[in-house]
1. Does ILE130 satisfy being modelled with pLDDT under 65, touching an Asp or Glu at 6+ places or on another chain (Cβ under 9 Å) and farther than 27 Å from ARG24 by Cβ?
2. What's the number of the condition LEU179 fails, among (1) farther than 17 Å from PRO224 by Cβ; (2) surrounded by 13 or more Cβ atoms within 10 Å (Cβ to Cβ); (3) modelled with pLDDT under 80?
3. So, in segment 12-30, exactly how many residues are in a helix (DSSP H, G or I) and either among the acidic types (Asp, Glu) or within 18 Å of ALA87 (Cβ to Cβ) (or both)?
4. Determine which single condition ALA117 fails, assuming it passes every other condition in (1) modelled with pLDDT under 70; (2) assigned by TED's automatic domain parsing to the domain that holds ILE18; (3) of a type in the set (A, V, I, L, M).
5. How about segment 31-68: which of its residues are within 26 Å of ALA79 (Cβ to Cβ), part of a loop (DSSP other than H, G, I, E, B) and in contact with a Ser or Thr (Cβ under 9 Å, 6 or more places away or on another chain)?
6. Among (1) outside any loop (DSSP other than H, G, I, E, B); (2) touching a residue at least 40 places away in the same chain (Cβ under 8 Å); (3) closer than 30 Å to ALA216 by Cα; (4) among the hydrophobic types (A, V, I, L, M, F, W, C), which single condition is ALA110 missing?
7. Do we have any residue at all in segment 192-208 that's part of a loop (DSSP other than H, G, I, E, B), closer than 21 Å to ASP113 by Cβ, under 22 Å from the mean Cα position of the chain (by Cα) and at pLDDT 75 or above?
8. List, please: which pairs have Cβ atoms under 6 Å, are six or more places apart or on different chains, and start with a residue in segment 70-97 that is in contact (Cβ under 8 Å) with a residue 40 or more places away in the chain and end with one that is of a type in the set (A, V, I, L, M, F, W, C) and part of a helix (DSSP H, G or I)?
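The values are calculated or read from the model by the stated rules, or taken from the named source; none is laboratory data. Just so it is clear, the model here is predicted, and its values are computed rather than measured. Every residue, glycine as well, gets a Cβ built from its backbone with ideal geometry; the counts of neighbours run over all protein chains shown.
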Amino acid sequence: MPLKYPAKWKFEGFPHEIPVEAHREFCKLVRLMAEGAERPKGIYEDFKTAYGVASTSSNTSFAEGDMLDAMRQSMENAARYVASFYAGMEAVEEDGIEVPSIRKLNQILADHDVPLAIEGDAIVEKSGDIEFGDADAAEPIVSRPFILGEQIGNGTFGAVHRITRKTNIGEYHFAMKLLAPSSFIENKERAQKRFIKEMKALERLQHRGIVALLEAGLDSDGTPYILMPLSIED
């Protein structure tokens, strides 16, 4: 069954592409599937078809090359790329070929900061993006985005804002700390990896003297944020 995702992602495009390193990992998965098949060419043909190429290649080597070209041409639209890869997996699985788990696919996407994930029979957007605007004017939503409110604190490492999240059953308020970029950080990728490591460590800490960590992530500009409970005094 094809994965479902918003029509606007198909016709208007999705504002994120598949990074080259992620693309290489997906290609490696196809090669691993082909290695376990009696007819490797058939695997490449199935994936090539899933990516929109109907012609048949003359041999295994050409089939692989044509498939790689088809996958490469789909990289600019991450949603379509993921949907096509899933369709290819479904096709080869029908022939009894063992395929990667959905968890593996989602891990590749997460590792390379692609804000998508496969959940059930759909592709959903997974993002820590923050929308700036009037919380009272926001339309009800299920989980995201957060609505950034007034600043309620600041310090050396960033500012704390009141955050609103509306769902279809109510409105909830939190505190969110947006970390200010440090002037000494020249390697953004390294800094982000350190932030992720520190948040995982903080998640394991529970003490009445430590503010609880509800969520952490990076917004659309790559700014780290920490979501915390909003105290009554605030």
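1. Details: modelled with pLDDT under 65: yes; touching an Asp or Glu at 6+ places or on another chain (Cβ under 9 Å): yes; farther than 27 Å from ARG24 by Cβ: yes.
Yes, satisfied.
2. Here LEU179 meets the rest and fails (1).
3. 8
4. Of everything listed in (1) modelled with pLDDT under 70; (2) assigned by TED's automatic domain parsing to the domain that holds ILE18; (3) of a type in the set (A, V, I, L, M), ALA117 misses just condition (1).
5. Within segment 31-68, TYR51, GLY52 meet the criteria.
6. (2)
7. Pass one, segment 192-208, residues part of a loop (DSSP other than H, G, I, E, B): 204-208.
Subsequent filtering for residues that are closer than 21 Å to ASP113 by Cβ retains none.
No, that holds for no residue.
8. Cβ pairs passing all conditions: ALA79/TRP9; PHE85/PHE26; ALA87/ALA50; GLY88/PHE47; GLY88/ALA50; VAL92/MET33; VAL92/ILE43; ILE97/MET33.
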